[in-house]
Amino acid sequence: MGRRIILLVVAALVAVLGSGLVFVYVKGADARAMQDQAPVQVLKAVTQIEPGETLEQAQAAGKLELQAVPAEQVLDGALSTIGELGGDVALAPVFPNEQITGAKFGAAGDQDAFALPKGMIAISVNLSDTGRVAGFVNPGSEVALFLNGAVGAEGEEGARLLLPAVQVIAVAQTTVSTATTTDEAGTETTEQLPRTLFTLAVSQADAERVIYASTHGELSFGLRSDTSEVEPGPGVTQANLFGTVS
């Protein structure tokens with residue numbers, strides 16, 4: 001009888017001790033989980049940062065924001081301030097909601113986005129929001145280039161395909177320019193026009209055509225896909241805008 005009581009007491013003590021150990025473990029696990037989920041302030045991109053753009057430029061343009069991120073989701077090298085990296089440039093596009101890490105930035109000239117195909121030269125064109133397909137053109141995109149201006153043999157105004165396929169190798173920061181127009185009544189209208197600088201890879205002959213065209217009309221992109229069909233043609237002027245007139 002006495003032995004049975006002793007065994008029962010020992011069993012009870014083991015049960016109590018086991019429960020205590022489980023409780024301590026669970027509390028520790030909860031503490032570790034809470035620590036992993038504790039928010040950490042990290043710089044994130046709120047709008048796209050383009051290759052070649054410095055951290056200082058991105059911050060000045062309002063493209064960076066300090067946001068709370070769970071500790072377990074913070075990337076290695078994530079920044080909470082630009083610090084001494086302010087002059088470093090983006091090596092590739094940094095998309096909205098991406099954490100800013102030192103590995104994504106480096107010295108000017110290191111970015112691989114600015115890679116010229118063999119035999120090509122790089123030139124830049126400045127396009128409006130409508131001319132750049134509303135921001136869908138990025139480094140690596142292939143575009144058709146159109147001219148709206150004097151496109152006819154006798155200088156008729158119209159629109160015409162200038163180059164059927166051009167590779168975009170870099171996209172600079174969007175800036176805003178001011179344009180003022182005056183109507184027949186003498187009323188002036190001022191508009192704020194966002195414009196973006198694009199760097200293209202072209203041959204020497206195509207570079208000459210693009211540079212000339214950019215000073216004699218308005219250039220526009222047409223974003224191409226693998227299935228796009230783009231063929232040179234006579235273009236469209238007032239004479240054929242609505243088709244051939246018999």
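Bear in mind that the values in this text are calculations on the coordinates, not laboratory data. All values derive from a computational prediction rather than experimental measurement. No Cβ is skipped: glycine too gets one built from the backbone with ideal geometry, and neighbour counts run over all protein chains shown.
Tabulated data for the structure shown
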| read-out | value |
| --- | --- |
| Cβ-based charge dipole, the stretch 121-233, positive-most Cα from HIS216, THR187, ALA153 | HIS216 |
| Linear extension gain, ASN240 paired with ALA122, 0.36 nm per residue minus alpha-carbon span | 39.0 nm |
| Euclidean distance of C-alpha centroids, the stretch 191-244 and the stretch 55-103, integer Å | 35 Å |
| At R0 = 41 Å, FRET efficiency that the Cβ-Cβ distance of THR227 and GLU157 yields, to 0.05 | 0.85 |
| Surrounding net charge for LEU163, when Lys and Arg each add one and Asp and Glu each subtract one, Cβ distance under 12 Å | 0 |
| Largest-first principal axis extents, alpha carbons of the stretch 39-106, Å | 30, 19, 19 |
| Cα gyration tensor, the stretch 121-233 - rounded (a/c under 1.5), prolate or oblate | oblate |
| Backbone HN-Hα couplings from phi across the stretch 138-149 [Karplus 6.51/-1.76/1.60, Hz, Gly and Pro as x] | 10, x, x, 5, 10, 10, 9, 10, 10, 10, 10, x |
| Sparse-neighbourhood loop sites, chymotrypsin sites (Phe, Trp or Tyr not before Pro) in the stretch 208-246 - DSSP loop, at most 16 other Cβ within 10 angstrom | PHE242 |
